[in-house]
Amino acid sequence: ELTMNIPKNKTYLAVSGVLLLVVGGYISLNPTEYLGQFGMNDVINISFYSDLRAMGGSLFVFGLIAIAGCIRQRLEKLALFTSTAIFSAYSFFRVMAIALDGMPGNAILTAAFIEIAFALMGCALMFTSQFKQAACKEIYD
């Protein structure tokens with residue numbers, strides 16, 4: 001029987017990294033199409049596109065950091081923190097936007113649920129690894 005022992009951190013970083021790369025790349029390369037899914041087909045504003053491309057590019061770079069953390073052990077903690085911080089920030093501000101602005105459409109709600117799930121998973125992984133490190137330090141000190 002062949003069993004695979006894939007570390008949870010690396011799995012989280014791989015999936016979150018690909019998600020950030022895809023979403024970030026899509027937004028930065030296709031702002032018109034991105035806006036079209038919200039019924040904003042006739043928005044042609046260079047400054048608005050610039051903001052969307054910058055936001056998408058930022059997500060893309062954070063995705064690269066997450067993938068780098070999968071590949072390079074010394075970047076894993078940084079990547080886990082970064083990925084968790086991104087999803088936590090999006091989660092917090094999505095909930096705040098709902099409280100301030102009202103209920104968004106289904107696409108945004110779906111994104112919010114995914115972001116909250118990734119934020120919670122990232123937090124759980126960070127705290128689990130911290131507790132393990134603290135326990136090991138107590139044993140060996």
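The values are calculated or read from the model by the stated rules, or taken from the named source; none is laboratory data. Since the model is a prediction, treat every value here as computed from it, not as a measurement. No Cβ is skipped: glycine too gets one built from the backbone with ideal geometry, and neighbour counts run over all protein chains shown. Heads up: the accessible areas ignore ligands, DNA and RNA and are worked out on the full protein's heavy atoms, side chains in. Shrake-Rupley method; radii C 1.70, N 1.55, O 1.52, S 1.80 Å.
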Exercise. Before we move on, is Thr84 part of a helix (DSSP H, G or I) and open to solvent by 40 Å² or more (accessible area, probe 1.4 Å)?
Worked result: no
Exercise. In region 23-64, how many are open to solvent by less than 50 Å² (accessible area, probe 1.4 Å) and either part of a helix (DSSP H, G or I) or farther than 19 Å from Ala107 by Cβ (or both)?
Worked result: 14
Seminar exercise, completed: Result of the Cβ filter at 6 Å on region 112-125, keeping first residues that are under 13 Å from Asn9 (Cα atoms) and partners that are not in a helix (DSSP H, G or I) and not acidic (Asp, Glu), at least 6 apart or interchain, is none
For this session: Please give the number of the condition Arg53 fails out of (1) among the basic types (Lys, Arg); (2) without any contact (Cβ under 8 Å) to a residue 12 or more places away in the chain; (3) touching a Ser or Thr at 6+ places or on another chain (Cβ under 6 Å).
Result: (2)
Problem set entry | Matching residues in region 45-91 - criterion: being among the small types (Gly, Ala, Ser) and under 19 Å from Asn9 (Cα atoms) | Gly63, Ala66, Ala68, Gly69, Ala79, Ser83, Ala85, Ser88
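Residue by residue through region 87-98, note down the ones that are more than 16 Å from Ser58 (Cα to Cα), in contact with a helix residue (DSSP H, G or I) (Cβ under 6 Å, 6 or more places away or on another chain) and open to solvent by 30 Å² or more (accessible area, probe 1.4 Å).
Keep residues of region 87-98 that are more than 16 Å from Ser58 (Cα to Cα), which gives 91-98.
Checking which are in contact with a helix residue (DSSP H, G or I) (Cβ under 6 Å, 6 or more places away or on another chain) leaves us with 91, 94.
If the condition is that a residue be more than 16 Å from Ser58 (Cα to Cα), in contact with a helix residue (DSSP H, G or I) (Cβ under 6 Å, 6 or more places away or on another chain) and open to solvent by 30 Å² or more (accessible area, probe 1.4 Å), then Arg94 is the only one that fits.
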Problem set entry | Selection within region 56-83 - without any contact (Cβ under 8 Å) to a residue 60 or more places away in the chain and among the aliphatic types (A, V, I, L, M) | Leu59, Val61, Leu64, Ile65, Ala66, Ile67, Ala68, Ile71, Leu75, Leu78
Exercise. Looking at region 99-118, which of its residues are open to solvent by 40 Å² or more (accessible area, probe 1.4 Å) and farther than 20 Å from Tyr34 by Cβ?
Worked result: Ala99, Leu100, Met103, Ile116, Ala117
